[in-house]
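Computed from the coordinates by the stated procedures, all read-outs in this text should not be read as laboratory data. Values in this document were obtained by computation on a predicted structure and should not be read as measured data. Cβ placement follows ideal geometry from the backbone for every residue including glycine, while neighbour counts extend to all protein chains displayed.
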Amino acid sequence: MKSTFLNRLIFMSLAMLAATPLLAQENPAQFQARANARVAKALGYKSQWDGPTSGPAITKKNVVVMIGSDMRLPGISGLDASLKELSKSIGWQYLAFQTFGKAAQRPEAFSRALALKPNAIILAGIDAREVGNELQQAAKAKIPVIGWHAGPTPGAVAGLFTNVATDPREVGQVAALFSVVDSKGKAGVVVFTDSSDTYSVIKANTMIETVKQCQTCTLLGVEEMPFAAKPDKIKDILTGLVTRHGSRWTHVLATDDLHFNMMSTPAAQTILATYKLQGISAGDGPPAAYQRIRSGALQIGTVPEPLKMHAHQLIDEVNRAVAKQAPSGYTTQTYLVTNQNNSFHGGPSNTFEPSNGYQSQYKKIWKK
């Protein structure tokens, strides 16, 4: 497909960037200080509400349909569960379709959704640029579409009312800076990514740029590891990397926790433990990532998504669209989870649940 080919070209450009030195780098001491400050902020307690404080009262009996990429993905299934629970609590009807990660399934999913004549559609984990025809059909039917990770950035995305997500550039930067802080400025990094995924490409690009700004760190390479890769291939990939890089390789930066799921085989874990490699993920913080961080096995950090809070924002954006009002413009803050703070914000339950009172804030907006 054209979009897949474009992503491949983007990935090749990332590989070229990895091999090309930056024209200017920050003084090592200044860069380390900035890295420490940014990581400290991302680790900080999230107790202050920084989202919207006004908006339309909740309308009754709306019908909302979510079209998700693949319910086997923890982020999609977690969002689905949160949307289902919240919709029931406010008296809305909620239905969900998935495309099983296959582009060929998208037209049928949209056709089924449009046939229900919902008040709005939520597009989750599917790039809006890859469903242009379907979005035109929704626009023709005057059905607003709100995205969740449906574009390269949060906020305005062509064809969508708005796109709800954390900023992938912020997420990639925080993950990379944590490798700098953890290594005291001496990280040897290999970045794992899936070039077919738009968010992974953006995160990988940011990771590369960030690591290369650290004069005393080394970007050893960028490794293509599709989310659908067979686990039995991971051992060969890791063996090849440790053979090439040896003790210079200190940190594994992955664009998604799914990469560490694939590295959870005994053979892969043995290699990672033998070479004392530290794993850091740029999202999305599923339960398995929290468990790995807590046990100290394979992974020391992740940048999670606040799925329940995003569900509230999605419903709020739907309500604004139905009321013919502008989007809220809200983007959630980036949060880094490590052993230092995983006892807060839902950590004991292996999820990111900010303690900023978002539920009561949205109830006030909705006049519930």
If I model a spin label as a point 7 Å beyond the Cα along the Cα-Cβ vector, how far apart are those points for residue 349 and residue 89 in nm? 1.0
Which of 255, 319, 306 sits farthest toward the positive end of the charge dipole of the range 230-368, with +1 on the Cβ of Lys and Arg and -1 on the Cβ of Asp and Glu? 319
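Hey, what number do you get for the chain at 222 nm if only DSSP H runs of n ≥ 4 count, each worth -39500 (n - 2.57), divided across all residues, to the nearest 500?
The per-residue figure over the chain is -14000 deg cm²/dmol.
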Within a 10 angstrom radius of the beta carbon, how do 328, 89, 195 rank from fewest other beta carbons to most? 89, 328, 195
Between the range 87-135 and the range 189-260, the alpha-carbon center distance in angstrom: 32
May I ask you to compute the full-extension gain from residue 215 to residue 36, defined as 0.36 nm times their residue separation minus their alpha-carbon distance, rounded to one decimal in nm? 62.9 nm
Stretched out fully, how many nm does the piece from residue 116 to residue 232 gain, at 0.36 nm a residue minus the Cα gap? 37.5 nm
Hey, got a sec? Which trypsin sites (Lys or Arg not before Pro) in the range 301-354 land in a DSSP loop and have at most 12 other Cβ atoms within 10 Å? 324
Scattering from the C-alpha atoms of the chain alone, worked out with Debye: what is log10 I(q)/I(0) at q = 0.08, 0.11, 0.13 1/Å? -0.40, -0.75, -1.03
Percentage relative contact order, the chain, counting C-alpha pairs under 8 Å, at least six apart: 21
Cα-Cα longer than 24 Å, checked against 186/233; 61/368; 184/212; 84/140; 41/308, kept in input order, equals 186/233; 84/140
Can you give me the distance in nm between label points at residue 133 and residue 295, each placed 7 Å from the Cα along the Cα-to-Cβ direction? 4.6
Per-residue HN-Hα couplings for the range 184-197 [Karplus 6.51, -1.76, 1.60; θ = phi - 60°; Hz; x = Gly/Pro]: 6, x, 10, 5, x, 10, 10, 9, 9, 8, 10, 6, 7, 10
Would you mind ranking 248, 38 so that the residue whose beta carbon has the fewest other beta carbons within 10 Å leads the list? 248, 38
